[in-house]
Amino acid sequence: LNNSMHRRQALVALALGVLAMPARALKQAMPEVLLDAEQSRRLRAWITLIVAAQLRAGPSPRWQHRDCAGLVRFAVREALRRHDAAWVRANGLQGVALPPEVALSSTQRAALRDWVDIDGQRQAYVGALALVQANCRLLGKQLTQAEAGDLLFFDQGDDQHLMVWMGSYIAYHTGTETASDNGLRAVAPRRLMNWEDTRWRPVPENSNFIGIYRLAFWSP
């Protein structure tokens, strides 16, 4: 219990510290690549489309490490791909209106290939904690601050959990799968605000809800 409490206090302190950082220090703490507003808008559209496709048809065979952070990593990776006809067929998106492609320079594409881990090393795999600490910027704890593709981050002591704000609902993976349950969930904001287990309510007074995070390489 003490370890869980100390971890939560450290996360809250980190969140408050990031909010208090001067702009120059905050920029240095984040990945160097910053997409412009149009690139960011298109990437958001692709990410939410890909997450919605998982909810609708079940997890893609291309999606490994199926948990909450894995859903985010998968959606970002697939959003950054070139979406040719083979990709569209493989993802069951024939006949679906697709967003415009995200036009990236070769430098941007190379820099976005991996994630920054807690220790500053670049990795293909990072967990929920590293995703928010090393690859995101904190916005605050009000859902009204979120835009489609932003992340809700919860700390439950020994476990951290991410959810994706989809614009009108919230999507996530529970971290477990069975033969009859793929672990994917979609929930309305009002439902989550009144969740029976109060630890999962995305409200400022919930100490388990650390806040809304935005991928750092997006335009603010």
Sulfur and carbon atoms: percent of accessible area, the chain [1.4 Å]: 52
At what distance in nm do the modelled label points of residue 168 and residue 82 sit from each other, each positioned 7 Å from its Cα along Cα→Cβ? 3.4
For the chain, the fraction of alpha-carbon pairs in successive 5 Å shells from zero, as %: 1, 7, 14, 19, 20, 18, 11, 6, 2, 1, 0
Determine the shape class of the range 88-127: with a ≥ b ≥ c the square roots of the Cα gyration tensor eigenvalues, call it rounded for a/c under 1.5, and otherwise prolate if a/b is greater than b/c, oblate otherwise. oblate
For Cα pairs less than 8 Å apart in space and 6+ apart in sequence, what is the mean separation divided by the residue count of the range 93-220, i.e. the relative contact order in percent? 25
Label-point separation (nm) for residue 57 and residue 36, each offset 7 Å from Cα along Cα-to-Cβ? 3.2
With only helices counted (DSSP H, runs n ≥ 4, each -39500 (n - 2.57)), the per-residue ellipticity at 222 nm for the chain, to the nearest 500, works out to -11500 deg cm²/dmol
For the pair residue 118 and residue 206, the simple spin-label estimate (label points 7 Å beyond Cα toward Cβ) gives in nm 2.3
Only Cα pairs under 8 Å and at least 6 apart count here; give the relative contact order of the chain as a rounded whole percent. 27
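The values are calculated or read from the model by the stated rules, or taken from the named source; none is laboratory data. It should be emphasised that the depicted structure is a prediction, and the values quoted were computed from it without experimental measurement. Don't worry about glycine lacking a Cβ; one is built from the backbone with ideal geometry, like all the others, and counts go over all protein chains shown. Just so you know, the surface numbers come from the protein's heavy atoms only, side chains and all, with ligands and any DNA or RNA stripped out. Shrake-Rupley method; radii C 1.70, N 1.55, O 1.52, S 1.80 Å.
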